[in-house]
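Data block below; observations after.
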Amino acid sequence: MIQLIAQYGLALVFTNVLAEQIGLPVPAVPTLIVAGALAADGTFSAWALFGVAFIASAIADTIWYVAGRLYGRAVMRLFCRISLSPDSCVRQTEYRFERWGGLTLVLAKFIPGLSTIAPPLAGAMRLGWLSFLFFNSLGVAVWAGAAIGAGMLLHAEIGELLLRLEKFGALAIEAVGVLLAIYIAFKWWERRRFYKMLRIARITVDELRDLMDSGKEPIVVDVRSPVVRDGDRRYVPGASTMNIAEVDQRLEQLPTDREIIFYCTCPNEASAASVAKRLIELGYTRVRPLQGGLDAWIAAGYAVEHRPASAAEAVR
């Protein structure tokens, strides 16, 4: 690694950071740390290294942000199709946006799986350009600065560690490869288990409409995150709202003798299916996720209702 960075210098750092932030599985932090150690030894300028890392990350993040603004949640669906953790790739990011707002873009750089998806989600949620540029730039600066600073501070120890690893040669590379393969295999197994869970019998929007028209009064529950509901105030008529974390505490609102239908707008109805599975584990037998979620209901031409804006939003 030392030879590669010394030979190709800032171009390698730029390429590595850009590739990671675009979403490829090529971690850039080790490269930045080693490059920081080389900068401490005078191989190249620490400021130039920081600038290259900052620009590369900013380019990738801006591309994803624009994609999110242009294509909305279609970008989120793409992420969940290719993600090794499809059940949480969007939902956890939405949850953090709800709690932290724009600061999510700062903290995202330090949370695996969140760094790449935060910019397009910010775009899909219509976070303003100025807010995005401010918070994202702050996050990139802290992330790149921390990695480079760690390399400069521990340059002697890092150099010694790399020299020891070089003595192991191919054995060290093979060990890293085996660990990476084990990790990917585990995440793949988790993905298969999740999609097996998703095969819970869904109900179509036409079937739900028939239930409503027949007077059976199904309980319809909107399990979208609050931040998503604020962005799209449409909902299935008569639906109540419930956060995923609240399900166990609100079981009295979910009687076992009626049809309970959960819906969301997440890819593969992931959130709705997760909640349905939880209730099945608690002994419920008449729970189903709505196939296609709210998007399918609207696409079918069925009526929707609109929740009123809050007082603060009305003033804005």
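No lab work stands behind these numbers, since they all come straight from the coordinates. Model, not experiment: these values are computed from the prediction. Note that each Cβ is placed from the backbone with ideal geometry, even for glycine, and that neighbours are counted across all protein chains shown.
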Determine the sum of side-chain charges near L290: Lys and Arg each +1, Asp and Glu each -1, restricted to other residues whose C-beta is under 12 angstrom from that of L290. -2
What is the log10 of I(q)/I(0) for segment 205-315, computed with the Debye formula using one identical point scatterer on each Cα and no solvent, at q = 0.20 Å⁻¹? -1.09
Amide H neighbours of T241 under 5 Å, at least 5 residues apart or on other chains, H built in the peptide plane: list them. D222
Express the relative contact order of segment 205-315 as a whole percentage, based on alpha carbon pairs under 8 Å and six or more residues apart in sequence. 31
How would segment 256-304 be classified by its alpha-carbon gyration tensor: rounded, prolate or oblate, with rounded meaning a/c under 1.5 and the a/b versus b/c comparison settling the rest? oblate
